[in-house]
Structures are given as C-alpha cells and as structure tokens.
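Please read the structure below before turning to the comments.
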Amino acid sequence: MLAEKTYILCILSILQKYSDADHILTIKDILNKMKLLYGVELDRRTVYRNIDLLIDFGYDISTYEENNTGYYLRERDFEPSELHMLADAVLTADCIPERHGKNLIRKLQQLGSVHQTASLDRLIRVKTNKKEPNKQIFLTIELLDEAIRLKRQVEFNYIKYDTNLKKVPRRKEKYVVSPYALYWNNNQYYLISNIQPYKDLCHFRLDRIENISIKDSPSLPAPKGIDVYEYASNALFMFGGETETYTIQCDNSIINDVVDRFGDDIIIIDSDDETFTAVVKATTLGMRLWAIHYIEKCKVIEPEWLVNEVVEAIKKAMKNYSISP
C-alpha cells in the first residue's frame with residue numbers, strides 16, 4: 001500500500017503521462033487512474049490539495065477554473081515536434097545499435113504524454129537493417145566524457161574491415177591519444193584528439209573504437225591557435241589536414257549543397273545565370289574528396305596544388321575506364 005506522502009508523485013505521473021491541452025483530465029479521470037494504476041482510492045479534496053502543491057512548487061498545470069474541464073500539464077521540457085525530431089535522429093544514426101536506439105525512443109516517449117508521443121510507436125517498429133553495430137559505443141562515450149573531464153589520455157583498439165568483411169584491429173598496438181571533444185558529423189560520432197608524435201588534430205569514429213580504457217598519463221594540451229570545434233566543422237567528411245581557404249566555381253544547381261557543407265558564411269565573389277564562384281574553408285583532405293565528388297558540377301580555381309590533384313585524379317579515373325586522355 002502506498003504511503004499518503006507518495007500520492008503527489010502519483011498524481012504528477014498521471015498528469016505527465018496522460019494529460020495535455022487536447023486531453024484534459026477531469027477529477028473523476030484522475031481518481032479512476034489512481035485506483036487503476038496504484039490501487040489507491042482518494043477523495044476529491046486530496047487531489048485538489050496535491051495539485052495546488054504541485055503548482056506552488058512550479059509545475060505549470062492548467063486547472064478547472066481556467067479551462068472549465070479539468071487539469072492538464074501545460075508546459076513540458078520538449079515539444080512533440082522536438083521529441084519526434086530527436087527520435088528520428090536516434091533511429092537513423094548509424095552508430096547507435098537498433099535495439100539501443102529503440103530503447104532510447106521509448107525513453108523519449110516518457111517526456112511527453114502518451115497522446116503526444118503515440119506517433120513514435122511507428123519508429124520503434126521500423127527495421128533499420130543497420131550493419132552489425134559496436135555494442136560498446138555507450139560505454140565508449142562514458143569513458144571518453146570522463147577522460148576529457150579529467151584531462152587524461154585514453155588507449156583503444158581501432159577497428160577496420162578486412163576483405164572477408166571481418167572486423168580486425170587497424171594495427172597490433174593500441175592507439176594512445178589525448179581526447180579533446182566528441183563531435184557529430186555525417187551521421188556519425190567522432191572523437192577529436194591528438195596522437196603523438198604528430199602536432200595537429202586527428203579524429204576517430206566512435207563506433208570503430210573498442211576496448212577503450214583511461215590511462216593515468218595526462219592529456220597533452222590541444223595545439224595552440226586551433227579551436228577544436230571549428231576544426232571539426234571544417235573537416236569535410238571528417239577527413240583531416242590543415243584548414244585552408246579555397247576558391248571554387250560551381251554550377252548554380254548545387255548552391256544548396258555548398259551551403260549545407262560549408263555553412264552560410266561562405267563568400268560568393270562572382271555569379272551569373274549558370275555558375276557562381278565562392279571562397280570556402282575546409283581541411284585539405286576533406287576538400288580534395290569534396291572536389292572530386294562534385295567534379296561534374298564544380299571546378300577548383302585555387303589553390304594550385306588542389307587543381308593539380310584533381311587533374312591527376314581525372315587522369316587516373318580515365319585510365320581505370322580505359323579512356324585515353
């Protein structure tokens with residue numbers, strides 16, 4: 001039998017789970033749910049008193065005096081649209097195992113009423129057909145958060161696929177890195193870090209990190225003059241290298257792609273009915289990949305080294321397809 005002091009928590013739980021502006025609970029509804037869910041029979045005065053206490057404590061509850069119907073929890077931490085967006089992101093994130101993703105969606109459902117989050121049931125039933133996930137990823141996140149907070153180095157195996165599609169360590173010895181931040185990019189979660197003897201930043205996909213542990217050795221300071229998050233935002237496809245400035249001439253049809261990838265702070269220095277010329281910032285390896293990916297719609301103007309590398313890539317591609325230059 002529940003103690004009388006717990007009734008207020010039961011009533012709050014009922015309001016959180018079953019009430020919203022479109023589903024107002026009468027006093028009779030609340031009394032019935034108290035009996036059905038908790039086996040407790042209350043009188044109306046007890047419900048009135050506990051709702052008043054919840055309001056005094058700061059809960060935004062609409063009352064009968066306001067709506068002439070009953071009671072509902074008016075304000076929540078998340079809007080239904082926000083919960084739906086978060087659930088979609090969880091479902092489609094490649095690095096989150098399907099079972100864990102569906103458990104996370106169920107937890108998100110608890111942040112709204114059953115009526116507001118009923119549409120998320122559909123997502124829980126979706127089969128994503130994700131590749132075999134790294135089941136250690138949530139432990140990896142916890143340990144990396146702790147290592148970053150303590151400013152300690154971590155060591156781990158970094159996994160790749162062999163030609164038999166089996167997961168194998170990229171090298172025999174473990175990686176030892178100084179972790180600085182976690183960053184979401186291209187639907188994947190990355191660790192931004194430094195690995196000696198190199199002086200610049202590097203990154204690792206969290207779903208490819210296994211057998212991680214925190215070392216006693218302190219992390220090395222991040223390279224001077226480098227903002228970790230600015231670096232990550234400029235790392236196209238999460239390929240590293242120095243951040244440089246590039247001038248590109250693109251077909252007008254890919255303006256949205258350019259803004260999506262480089263942000264809306266790009267500088268357009270020329271345009272006509274067919275093309276536009278823009279100045280963008282990105283890491284060297286990432287920009288090389290991007291330029292080749294959009295080779296039909298984009299021409300690199302500067303710097304010269306990237307122009308030369310794109311030309312060489314075109315020559316190699318022609319050779320692969322037995323086409324004479």
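Could you list all residues from segment 14-33 that are small (Gly, Ala, Ser) and loosely packed, with under 14 Cβ neighbours inside 10 Å?
ALA21, the sole residue that qualifies.
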Segment 282-301 - residue that is over 25 Å from CYS202 (Cα atoms) and in a strand (DSSP E or B) and, of those, farthest from the chain's Cα centre (by Cα): ILE301
Could we say that ALA291 is among the small types (Gly, Ala, Ser), touching a strand residue (DSSP E or B) at 6+ places or on another chain (Cβ under 6 Å) and not assigned by TED's automatic domain parsing to the domain that holds TRP184 here? yes
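Within the bounds of segment 269-281, is there any residue that is under 30 Å from the mean Cα position of the chain (by Cα), free of Cβ contacts under 8 Å to residues at least 24 places away in the same chain, under 25 Å from CYS202 (Cβ atoms) and not in a loop (DSSP other than H, G, I, E, B)? Quick ask: steps written out before the conclusion?
Let us first name the residues in segment 269-281 that are under 30 Å from the mean Cα position of the chain (by Cα), namely 278-281.
So of that shortlist, the ones also free of Cβ contacts under 8 Å to residues at least 24 places away in the same chain come out as none.
Taking every residue of segment 269-281 in turn, none turns out to be under 30 Å from the mean Cα position of the chain (by Cα), free of Cβ contacts under 8 Å to residues at least 24 places away in the same chain, under 25 Å from CYS202 (Cβ atoms) and not in a loop (DSSP other than H, G, I, E, B).
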Would you mind listing the helices (runs of 4 or more DSSP H) fully within segment 15-70 where at least 3 residues are of a type outside the set (A, V, I, L, M), closer than 19 Å to THR117 by Cβ and in contact (Cβ under 8 Å) with a residue 40 or more places away in the chain? none
Name the single residue that is nearest to the chain's Cα centre (by Cα) among those in segment 72-108 being in a loop (DSSP other than H, G, I, E, B) and surrounded by 18 or more Cβ atoms within 10 Å (Cβ to Cβ). ALA93
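Mind counting the residues in segment 149-161 that are buried (at least 19 other Cβ atoms within 10 Å of the Cβ) and of a type outside the set (Phe, Trp, Tyr)? Break it down stepwise before answering.
So in segment 149-161, the residues buried (at least 19 other Cβ atoms within 10 Å of the Cβ) come out as 153-154, 156.
Imposing the further condition that a residue be of a type outside the set (Phe, Trp, Tyr) reduces the set to 153-154.
Looking only at that region, the number is 2.
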Among the numbered criteria (1) more than 23 Å from THR92 (Cβ to Cβ); (2) surrounded by fewer than 16 Cβ atoms within 10 Å (Cβ to Cβ); (3) of a type outside the set (S, T, N, Q), which single criterion is violated by LYS167? (1)
Among the residues of segment 1-19, the number that are in contact with a strand residue (DSSP E or B) (Cβ under 8 Å, 6 or more places away or on another chain) and among the small types (Gly, Ala, Ser) is 1
Does any residue in segment 288-314 that is touching a residue at least 12 places away in the same chain (Cβ under 8 Å) and closer than 13 Å to ASP257 by Cβ come within less than 7 Å, Cβ to Cβ, of a residue that is assigned to a helix (DSSP H, G or I) and among the polar types (S, T, N, Q) six or more places away or on a different chain, and which pairs are these? LYS297/SER253
Return the residues of segment 302-325 that are under 25 Å from ILE255 (Cβ atoms) and assigned to a loop (DSSP other than H, G, I, E, B); say none if nothing qualifies. PRO303
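The values are calculated or read from the model by the stated rules, or taken from the named source; none is laboratory data. Remember, it's a predicted structure, so these values are computed and weren't measured experimentally. Counting neighbours? That spans all protein chains shown, and the Cβs are built from the backbone with ideal geometry, glycine included.
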